[in-house]
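The values are calculated or read from the model by the stated rules, or taken from the named source; none is laboratory data. Being a predicted model, the structure only gives us computed values, none of them experimental. Glycine also receives a Cβ, built like all others from the backbone with ideal geometry; neighbour counts cover every protein chain displayed. Protein only, heavy atoms only, side chains kept; ligands, DNA and RNA dropped before computing areas. Shrake-Rupley method; radii C 1.70, N 1.55, O 1.52, S 1.80 Å.
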Amino acid sequence: MTDPRRRPLNHGDGKEALLAATVRVVAAKGLRGMTFRAVADAAGVNNTLIAHHFGTRDALLSATLEWSMERSIGLANLGQYAGDPESFRSALIENVLSEPALQVFQFEMVLEASRRPDLQRAVRTLYERYVEELAHGRADLGLASSAGFDRAMFAALDGLVLQYLGRAITAEQLSEAVEALGAVVAARPRG
């Protein structure tokens, strides 16, 4: 008898399922709890599929970090922050509340990079992409921008999300803080 959780997947579905499962496993168990078997079980596939698609644990983590970043950027629509703070606030809050595992996974990778120099480049790329998305949105609207301001703006958002995930602030406090940050951004002179 076959395991009902293990269903045949189309080629692209298996890879996507493994990436999403990796996020869920790391968010729940941390990087030390992420094994091929745990990811395969969470994805409902055979663990040999991981080796087929990724080869190694590090390759799986690297691909998952990129996947999670692209998914978060798409869901939060960071580039629209300066133009419509209310829409961005709503999208960011919805993103964090509906898929907190994406951010937990990324924070786990950031912390692991402090111990593993081989991950530092990927983490730098993660942050550079987020800051670039904010900068593009601001530039598209003719808003004054600088690398330092854009980085500070993202750092504030990143810190707020971390506080929420760590249960230091509530969803309502997160929403209020993002709204206040939007007011500061909107008040910054145009370029």
- Label points 7 Å out from Cα along the Cβ direction at Asp140 and Leu75: separation in nm? 2.0
- Query: To the nearest 10 square angstrom, what accessible area does Ile93 show with a 1.4 Å probe?
  - Reply: 20
- For segment 94-173, which trypsin sites (Lys or Arg not before Pro) are both in a DSSP coil and crowded by at most 16 other Cβ atoms within 10 Å? Arg115, Arg167
- Message: Amide H of Leu143 versus every other amide H placed in the peptide plane: which residues, excluding those fewer than 5 positions away on the same chain, fall under 5 Å?
- Response: Gly191
- Net charge near Ala20: determine it from the other residues with C-beta under 14 Å of the C-beta of Ala20, scoring Lys and Arg +1 and Asp and Glu -1. -3
- Query: What's the local net charge at Met109, with K and R +1, D and E -1, over the other residues with C-beta under 15 Å away?
  - Reply: +2
